[in-house]
Amino acid sequence: MVALLRQEDRETYRYVVDTWKGAVYNTVLNVLQNESDAEDVTQDVFIQVFESIEGFKEESKFSTWLYRIAVSKSIDHLRRKKSQKRFAFLRSLWNDHEELQIEPVEFVHPGVKLEEKENAAALLKALEKLPLRQKTAFVLNKMEKLSYREIGEIMNLSVSAVDSLLQRARQNLKLHLKNYFEQLNA
Amino acid sequence: MKNLINQKIEDALNSAQAIGRAEPSHFLFTKIEAKLDKEKAGPWNRFWTYLTNPAIAFAGLCILLLINALIIFGVNSRQSPQIVELATVDEYNLVSSTYELDNLNP
């Protein structure tokens, strides 16, 4: 398959997209929590894969490399969006007529069952507040069901480092969820 | 109350298992192919696309106008000393002719 990708065989491109689009899209969607952005970044991930296939040394699995690109593109996108928001805010200070674009407050995951909608919404809201690395590790483990070893290969971490990251993610999520539910009951 | 909140926290954490798979657009591969073909169109095509970006075109126009203004004002400031020089010569001739008129009489 890698050899055919290097020959820019379009049928192989289609096969790769059809096989891994679910994994890539869901990883990106859970990190970005925005369907439109997830669509764009998913496209960018596959384009990056096809354009840099020569750089794939086959030391790791193809899926590991794919996830690595997906995670990297997602993080880059979030950082770019953050700096754009900062710039827009500064512009709005000088220009009274310009309205700040406000992001929708609640992201509704298209894959959530109706009966779990409230709990999932609370979790996703808390997930948004996590540091990027903790968020990524949580998404890869709990939503993509990847093992600690696989996550370590994707994020270039040891298994114990992944374990530590996930423990901190869980602690922080509990803290944010506690604040959320206490405010709700107040 | 505390137990209730703790239970809600656990339920929320466990809901991660219940988040199903979302499907990307049916046209994902078509869009990817289109982007790949666009990039393959060549560097000149990309350069032209970049140049015709309104922000880039406007910035280029401003730079061109600035250069023109600098050239025009630069030429004008070089001309001014010549005019002063001519005026001085005129003045000198005027003074000289007055002197000549005065000295005509013995």
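Only Cα pairs under 8 Å and 6+ residues apart enter the sum, and on that basis the relative contact order of the stretch A:18-93 stands at 35 percent.
What FRET efficiency do you get for residue A:68 and residue A:108 if R0 is 22 Å and r is their Cβ-Cβ distance, rounded to the nearest 0.05? About 0.20, to the nearest 0.05. At what distance in nm do the modelled label points of residue A:48 and residue B:65 sit from each other, each positioned 7 Å from its Cα along Cα→Cβ? The answer from the label model is 4.0 nm.
Bridging of residue A:61 to lysines at a Cα separation below 19 Å is possible for A:21, A:73, A:145, once same-chain residues fewer than 8 apart are set aside. Averaging Cα coordinates gives a centre for the stretch B:1-72 and one for the stretch A:103-168; these two points are 23 Å apart.
Shielding value for A:20-29 is 3, the average number of Cβ atoms from other chains within 10 Å of each residue's Cβ. Which value in nm describes the separation of the simple spin-label points at residue A:178 and residue A:57, placed 7 Å from the Cα toward the beta carbon? Rounded to a tenth, the inter-label distance reads 4.5 nm. Spacing of the modelled spin labels on residue B:73 and residue B:48, each 7 Å from Cα toward Cβ, amounts to 3.7 nm.
Read the figures in this text as sums done on the coordinates, not as results from a lab. Quick caveat, the model's predicted, so the values are computed rather than measured. Note that each Cβ is placed from the backbone with ideal geometry, even for glycine, and that neighbours are counted across all protein chains shown.
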